[in-house]
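Scroll down for the structure; my scribbles are underneath it.
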Amino acid sequence: MGYQFLTARRDGPVEYLTLNRPDVRNAFNEHVIADLTAWAAQARDRAERREIRVVVIGGAGKTFCAGADVTWMSKTVHYTEDENLRDATAMSGMFLALDELPVPVVGRIQGAALGGGAGLAAICDIVVADEAAVFGFTEVKLGILPAVISPFALAKIGRSAARELFLTGARFSAARAKEIGLVHAVVPAADLDAAVGRYVHELLAAGPEAVAAAKALIAAVWGRAAKDAMPMTAAAIAARRVSIEGQEGLRAFLEKRTPAWSEQYKDTKVTKDTKG
Ligand code: COA
């Protein structure tokens, strides 16, 4: 499938997705949103068929993503209220589709992740950032709101950090992004691909169905009282224990061997596709 502003490449079970609009720092307009929404739909299908087990999202050029395209947004003044609502709903749908992908998503962040770019970082399960990268929920500085990204950003950084950072729109460092849970690893730019590769390797060593179930579990348990979650969590582990994959994992441990699912991927190399 061809995309206007994305490149997608498969390396075995790993899909490398690159935002590809570097002249405007990978800012997204309606075309990027359409591309990402279409990609997410077909990636979901392929993930459900276990054709892909991990997604790495990066940005071409020196910046991961400068958020929504300001030129595009400024034109929306001429839209009717209905047209504006339709546009914003499409953007919301894109973030939701990415957030709900049933495989782990690793973000590779260089340069900056601002506004919706920080929102894209928030929908990643694991985020690796260049130590010089700059983050920010900068929308209020433009007189607008981090609205559609708020469910994803709040779930990552919590209410206290959001009250500071959504309200000031201040830019912050990769170190601060790690402190508030938006980023998981901060490394020098030269080590970005290697750090992403270590996470990919770690993910491929885990049971594919177990990883998908763990991701679904987090979404299902989040915000529930332990007592309410209990029937679902007990059912989830019971199902895994008797599954073919669960049995293979448990037996492999006892037999001191590599489980079948990770054996074939143990030599998977880190590719440079998303290198900025
Ligand atoms: N929308 C549209 N165009 C954007 C953009 C955005 N969000 N962010 C950057 N660009 C454009 C610039 O206007 C510039 O265009 P030009 O070459 O025609 O002048 C080009 O991308 C390069 O931007 P520049 O600022 O020169 O690049 P940089 O590498 O020095 O800095 C950023 C990169 C991302 C730090 C900086 O561009 C920036 O702060 N952008 C605004 C981000 C923002 O506030 N996003 C929130 C949107 S809700």
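The values are calculated or read from the model by the stated rules, or taken from the named source; none is laboratory data. Not measured: the values here are computed from a predicted model. Here the Cβ positions follow ideal geometry from the backbone for every residue, glycine too, while neighbour counts run over all protein chains shown.
So the values come out like this:
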| read-out | value |
| --- | --- |
| Search result, residues across the range 25-59 that are part of a helix (DSSP H, G or I), in contact with a Phe, Trp or Tyr (Cβ under 7 Å, 6 or more places away or on another chain) and among the hydrophobic types (A, V, I, L, M, F, W, C) | 32, 39 |
| Candidate set: the range 65-76, residues that are within 9 Å of the ligand (Cβ to nearest atom) and not small (Gly, Ala, Ser); chosen: the one nearest to residue 89 (Cα to Cα) | 73 |
| Residue in the range 199-226 that is surrounded by the fewest Cβ atoms within 10 Å (Cβ to Cβ), counting only those that are assigned to a helix (DSSP H, G or I) and without any contact (Cβ under 8 Å) to a residue 12 or more places away in the chain | 226 |
| Residue match in the range 223-244 (condition: at pLDDT below 95 and either among the hydroxyl-bearing types (Ser, Thr, Tyr) or closer than 30 Å to residue 108 by Cβ (or both)) | yes |
| Count of the range 1-39 residues which are small (Gly, Ala, Ser) and more than 13 Å from residue 95 (Cα to Cα) | 4 |
| Among residues of the range 160-175, those that are outside any strand (DSSP E or B), of a type outside the set (Gly, Ala, Ser) and crowded, with 16+ Cβ neighbours inside 10 Å, counted | 2 |
| Condition met for residue 68 (in contact with a Pro (Cβ under 6 Å, 6 or more places away or on another chain) and either closer than 20 Å to residue 117 by Cβ or surrounded by fewer than 16 Cβ atoms within 10 Å (Cβ to Cβ) (or both)) | no |
